[in-house]
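**Student:** Below: one structure in structure tokens.
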Amino acid sequence: MADTSFTTEGLGHAYGRIAALHSLNLSVPRGRTGLVGANGAGKSTLIKILLGILDPTVGSATVLGMDTAKELINIRTVVGYMPEGPCLPLDQTAADFLVYAAGTAGLPPQAARQRASDVLTLVGLDEERFRYLGDFSTGMKQRAKLAQAIVHDPELVFLDEPTAGLDPSGRDEMLNLIARLGTFGIDVVVSSHVLGDIERTCEWVVMLDAGTLLHSGPVGGEADAGTVRVEYASDPSQIAGELTRAGAIVTTTGNKIVVRLPDGDPYTLIRDVSAHHDATIRRLDSGGSSLEELFIHHGQPL
């Protein structure tokens with residue numbers, strides 16, 4: 001079994017004169033991976049190349065150790081895909097569509113019916129299986145799209161903006177489903193511009209901006225024992241200035257600051273400076289950089 005979900009070497013793609021990806025070199029381990037970036041960053045283009053929907057202009061890629069240029073049929077038997085846009089046949093019931101999707105993936109009729117039933121139950125659509133997809137709400141359609149992506153029991157599934165258009169309750173349900181896929185032995189690549197969704201569900205993150213690679217590494221992988229995150233009730237700019245003068249490295253985002261103190265106790269320093277300014281702390285915790293802070297570090301906030 002391959003130890004990577006996907007790799008790229010010098011990968012690039014252009015739509016005419018517009019370059020969507022620039023010389024990507026990646027090696028992404030198995031597990032749950034977040035692919036993040038603003039709209040137009042190249043996320044969907046990368047996924048479509050990995051699926052063989054698009055051919056790269058330059059470079060090469062592998063999925064689960066298989067070359068996308070030479071082993072595409074083998075890749076598609078073990079990979080699932082949830083597109084971002086509308087793709088459901090609205091005049092079919094959920095059950096009929098899932099049986100069809102399972103059969104297309106090679107399951108015999110009886111196994112396809114059983115697998116469709118199991119997956120509809122997994123995504124919470126068991127009571128809606130005989131309703132037409134055209135009558136589904138947005139949240140139900142997103143779950144149906146996820147169901148078709150995993151109905152053939154793939155090793156890896158690509159989810160392109162799976163929470164798009166969902167209300168808070170629907171988003172929460174979708175993220176819980178994504179987090180559960182690993183317990184069924186399914187690796188996940190989640191494309192999203194919502195950093196909180198990636199932090200909640202993924203172990204590894206790939207950050208893109210305008211088709212270039214900003215960062216690839218474990219979520220929370222920037223951890224540092226001397227790092228503290230603080231959220232204040234009001235503008236912390238004066239506090240940040242005093243902390244900086246005291247030798248700390250400070251990053252400010254709105255009412256939040258990240259304090260790194262190479263030598264000494266950052267908690268004591270933050271306590272003393274905050275007390276001096278009579279500042280109210282809403283939240284304080286230790287740990288590594290959040291994804292938002294990594295984007296800011298690279299000069300590319302979402």
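**Student:** Report the FRET efficiency, 1/(1 + (r/R0)^6), for Glu203 and Asp285, where r is their Cβ-Cβ distance and R0 is 25 Å, rounded to 0.05. Please list the in-between numbers first.
**Tutor:** Numbers: r = 20 Å, r/R0 = 0.78.
After rounding to 0.05, the efficiency reads 0.80.
**Student:** Among Ala102, Ala246, Leu214, which residue has its Cα positioned farthest towards the positive end of the charge dipole of the chain, with +1 placed on the Cβ of Lys and Arg, -1 on the Cβ of Asp and Glu, and the dipole taken about the Cα centre?
**Tutor:** So the residue furthest toward the plus end is Ala102.
**Student:** Still on this structure, please answer the following. Picking from Glu71, Glu127, Glu203, which is most flexible by a Gaussian network model of the chain using Cα springs under 10 Å?
**Tutor:** Comparing Glu71, Glu127, Glu203 in the GNM, the peak value goes to Glu127.
**Student:** Just the projected area, averaged over all directions, of the convex hull on the alpha carbon atoms of the chain: how many nm²? Could you put the intermediate results ahead of the total?
**Tutor:** Working: hull surface 72.7 nm².
Taking the Cα atoms of the chain, their convex hull projects to 18.2 nm² on average.
**Student:** Over the Cα atoms of the range 60-135, how large are the radius of gyration and the largest Cα-Cα distance (Dmax), in Å?
**Tutor:** Calculated on Cα positions, Rg and Dmax stand at 14.7, 44 Å.
**Student:** Could you tell me what percent of the DSSP beta bridges with both partners in the range 4-218 are antiparallel, to the nearest 5? Intermediate results must be reported in sequence, preceding the final value.
**Tutor:** Values: 22 of 40 bridges.
Counting DSSP beta bridges with both partners in the range 4-218, the antiparallel share is about 55 percent.
**Student:** Right, here's the next one. Excluding same-chain residues fewer than 8 positions from Lys256, which lysines have a Cα within less than 22 Å of its Cα?
**Tutor:** none
**Student:** Of Ala19, Ala38, Leu72, which is farthest towards the positive pole of the chain's charge dipole, taken about the Cα centre with +1 and -1 on the beta-carbons of Lys, Arg and Asp, Glu respectively?
**Tutor:** Highest projection toward the positive end goes to Leu72.
**Student:** Going from the alpha-carbon gyration tensor of the range 157-247, what semi-axes, largest first and in whole Å, does one get by taking the root of 5 times each eigenvalue? Walk me through the numbers before you get to the answer.
**Tutor:** Values: eigenvalues 204, 59, 40 Å².
Taking √(5λ) for each Cα gyration eigenvalue gives 32, 17, 14 Å.
**Student:** Further question on the same structure: At Ser117 and Asp278, where each label point lies 7 Å from the Cα along Cα→Cβ, what is the point-to-point distance in nanometres?
**Tutor:** Taking the simple label geometry, Ser117 and Asp278 are separated by 7.0 nm.
**Student:** Any idea what the dipole of the range 4-218 comes to, in debye rounded to 20, about its Cα centre with Lys/Arg Cβ at +1 and Asp/Glu Cβ at -1?
**Tutor:** Charge dipole of the range 4-218: 240 debye, to the nearest 20.
All of the numbers you see were taken from the coordinates with simple rules; none came from a lab. Keep in mind that this is a model prediction, so the values were computed, not measured. Cβ sites come from the backbone with ideal geometry, for glycine too, and all protein chains shown count toward neighbours.
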